[in-house]
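Data first, discussion second: the structure below is written as structure tokens.
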Amino acid sequence: MQLFIGFDVGGTHIKHGVIDENGNELTSDEFDTPDDKNAFKQQWKAVVEAYQKAHDIAAIGVSFPGHINTHTGQAAKAGALDYLDNENLCELFAQLTDLPVTAENDANCAALGERWCGAGRDYESFVCITIGTGIGGGIVVEGDIYRGSHYRAGEFGVIPVGDNGECMHEVASASGLMKACRRALAVPEDEMPDGEALFERMESDVHLREAIEQWAHFLARGVYSVISMFDPQAVLIGGGISEQEKIYKLLDKYLQRFEEWEALKVPILPCELGNQAGRLGAVWLAKQKLSRG
């Protein structure tokens with residue numbers, strides 16, 4: 001049984017674990033994302049060496065923010081880890097370990113994780129839209145990631161969906177929803193209810209309901225655009241907010257208003273793997289690369 005190390009590098013935490021060739025995670029942990037390149041290298045290397053002492057590791061998969069050329073390892077942008085902008089990740093990790101390392105964009109890894117072990121396992125072609133501080137995503141075509149000519153495919157957050165051309169990042173993200181709800185409730189940020197409470201309260205608060213309905217309308221415009229472009233078998237919604245069942249009823253309400261929806265209609269489902277998806281997708285890529293030699 002081959003074992004792999006999976007890393008999911010985020011702006012706040014770096015999650016990691018040992019995952020077997022069937023997608024079972026044997027152990028997992030995390031550390032705070034370092035503030036500089038040297039600290040990042042030291043902590044990453046220490047984790048790898050500790051796992052190697054306990055397990056026979058075959059390869060490493062890294063889910064990483066930003067635009068990554070999977071052939072050369074070049075990261076044009078590294079998201080919140082700006083000290084790794086324009087870094088060649090293949091060269092960086094080669095300095096730290098003798099094990100084969102595969103690095104890929106985090107949203108792409110999340111989509112591949114869902115394809116391997118989650119909500120996408122029954123589909124060969126689907127789109128994963130992650131809703132968080134911004135909007136990201138991955139596009140799976142015939143079982144593999146579509147990356148685009150500049151490795152930027154899936155940047156759904158830049159699609160203009162607002163009444164005045166505002167992009168999805170601004171008005172259809174989780175942060176966009178919270179801003180709209182805060183205006184509707186006229187409360188300071190530290191007094192805002194959590195997401196679940198907001199969806200419960202919308203039934204009795206007309207202003208809050210209007211804000212959430214408008215947000216859902218903006219999100220539906222983006223989802224409809226993505227479906228019309230890629231004609232997937234399904235759309236998977238990721239991010240913590242994807243657990244709110246009312247989102248899917250609201251999306252259906254607004255999607256039905258589009259003239260061609262009945263012709264374009266596909267299932268819209270929540271992702272299943274949560275924050276484990278990125279590690280699993282990264283390991284799936286490392287496994288594929290290893291099998292190809």
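Kindly indicate whether any position in segment 70-92 is touching a Cys at 6+ places or on another chain (Cβ under 9 Å) and under 30 Å from Glu213 (Cα atoms).
Scanning segment 70-92, I find no residue that is touching a Cys at 6+ places or on another chain (Cβ under 9 Å) and under 30 Å from Glu213 (Cα atoms), so the answer is no.
Report yes if Lys15 is assigned to a helix (DSSP H, G or I) and either open to solvent by 30 Å² or more (accessible area, probe 1.4 Å) or without any contact (Cβ under 8 Å) to a residue 60 or more places away in the chain (or both), otherwise no.
Judged against the criteria, Lys15 is not a match.
Being of a type in the set (A, V, I, L, M, F, W, C) and under 26 Å from Arg292 (Cα atoms) narrows it down to one of Ala50, Ala59, Ala46, so name that one.
Every option except Ala59 fails the conditions.
Report whether or not Val187 is of a type in the set (Val, Ile, Thr), buried (at least 17 other Cβ atoms within 10 Å of the Cβ) and either free of Cβ contacts under 8 Å to residues at least 12 places away in the same chain or farther than 20 Å from Asn105 by Cβ (or both). Let's see the steps before the verdict.
Numbers: of a type in the set (Val, Ile, Thr): yes; buried (at least 17 other Cβ atoms within 10 Å of the Cβ): no; either free of Cβ contacts under 8 Å to residues at least 12 places away in the same chain or farther than 20 Å from Asn105 by Cβ (or both): yes.
It is false that Val187 is of a type in the set (Val, Ile, Thr), buried (at least 17 other Cβ atoms within 10 Å of the Cβ) and either free of Cβ contacts under 8 Å to residues at least 12 places away in the same chain or farther than 20 Å from Asn105 by Cβ (or both).
Please give the number of the condition Gly293 fails out of (1) in a loop (DSSP other than H, G, I, E, B); (2) on the phi < 0 side of the Ramachandran plot.
Only one criterion in (1) in a loop (DSSP other than H, G, I, E, B); (2) on the phi < 0 side of the Ramachandran plot is unmet by Gly293, namely (2).
I'd like the residue in segment 145-169 that is charged (D, E, K, R) and at pLDDT below 95 and, out of all such residues, is most open to solvent (accessible area, probe 1.4 Å).
Among residues in segment 145-169 that are charged (D, E, K, R) and at pLDDT below 95, the one most open to solvent (accessible area, probe 1.4 Å) is Arg152.
If you take the residues of segment 255-283 that are of a type outside the set (A, V, I, L, M, F, W, C) and in contact with a Leu (Cβ under 8 Å, 6 or more places away or on another chain), which of them is most open to solvent (accessible area, probe 1.4 Å)?
Lys265
Going by what's in this entry, would Asn22 be described as over 11 Å from Leu280 (Cα atoms) and either in a loop (DSSP other than H, G, I, E, B) or of a type outside the set (Val, Ile, Thr) (or both)?
No, not satisfied.
Can you tell me which residue within segment 196-210, out of those that are open to solvent by 30 Å² or more (accessible area, probe 1.4 Å) and part of a helix (DSSP H, G or I), is modelled with the lowest pLDDT?
Glu196
Within segment 261-271, identify whether any single residue is part of a loop (DSSP other than H, G, I, E, B), closer than 19 Å to Arg221 by Cβ, among the acidic types (Asp, Glu) and over 24 Å from the mean Cα position of the chain (by Cα), and answer yes or no.
no
Can you tell which of Gly134, Gly154, Gly162 is free of Cβ contacts under 8 Å to residues at least 60 places away in the same chain, of a type in the set (Gly, Ala, Ser) and at positive phi?
That would be Gly154, the only listed residue that is free of Cβ contacts under 8 Å to residues at least 60 places away in the same chain, of a type in the set (Gly, Ala, Ser) and at positive phi.
Report yes if some residue within segment 112-125 is of a type in the set (S, T, N, Q), touching a residue at least 40 places away in the same chain (Cβ under 8 Å), assigned to a loop (DSSP other than H, G, I, E, B) and over 19 Å from Gly274 (Cβ atoms); otherwise report no.
Filtering segment 112-125 for residues of a type in the set (S, T, N, Q) gives 125.
Still in the running and touching a residue at least 40 places away in the same chain (Cβ under 8 Å): 125.
Now restrict to residues that are assigned to a loop (DSSP other than H, G, I, E, B): 125.
Now drop any that are not over 19 Å from Gly274 (Cβ atoms), which leaves 125.
Within segment 112-125 (the criterion being of a type in the set (S, T, N, Q), touching a residue at least 40 places away in the same chain (Cβ under 8 Å), assigned to a loop (DSSP other than H, G, I, E, B) and over 19 Å from Gly274 (Cβ atoms)), the answer is yes, since at least one residue qualifies.
How many residues are touching a strand residue (DSSP E or B) at 6+ places or on another chain (Cβ under 8 Å), within 22 Å of Asp85 (Cα to Cα) and open to solvent by 80 Å² or more (accessible area, probe 1.4 Å) if we restrict to segment 18-48?
Total satisfying the criteria: 1.
Taking Glu213 and the conditions (1) surrounded by 20 or more Cβ atoms within 10 Å (Cβ to Cβ); (2) farther than 30 Å from Gln288 by Cβ, which numbered condition does it fall short on, given that it satisfies the others?
Only one criterion is unmet by Glu213, namely (1).
Filter segment 123-144 down to residues that are within 23 Å of Gln244 (Cβ to Cβ) and out of contact with any helix residue (DSSP H, G or I) (no Cβ under 7 Å at 6 or more places or on another chain) and give me whichever is most open to solvent (accessible area, probe 1.4 Å).
If we take residues in segment 123-144 being within 23 Å of Gln244 (Cβ to Cβ) and out of contact with any helix residue (DSSP H, G or I) (no Cβ under 7 Å at 6 or more places or on another chain), then Tyr123 is most open to solvent (accessible area, probe 1.4 Å).
The values are calculated or read from the model by the stated rules, or taken from the named source; none is laboratory data. Predicted model, so just to flag it, every value in this text is computed and none were measured. Because the Cβ atoms are built from the backbone with ideal geometry, glycine has one as well, and the counts that use them run over all protein chains shown. Ligands, DNA and RNA are stripped out before the accessible areas are found, and what is left, the full protein with its side chains, is counted by its heavy atoms. Shrake-Rupley method; radii C 1.70, N 1.55, O 1.52, S 1.80 Å.
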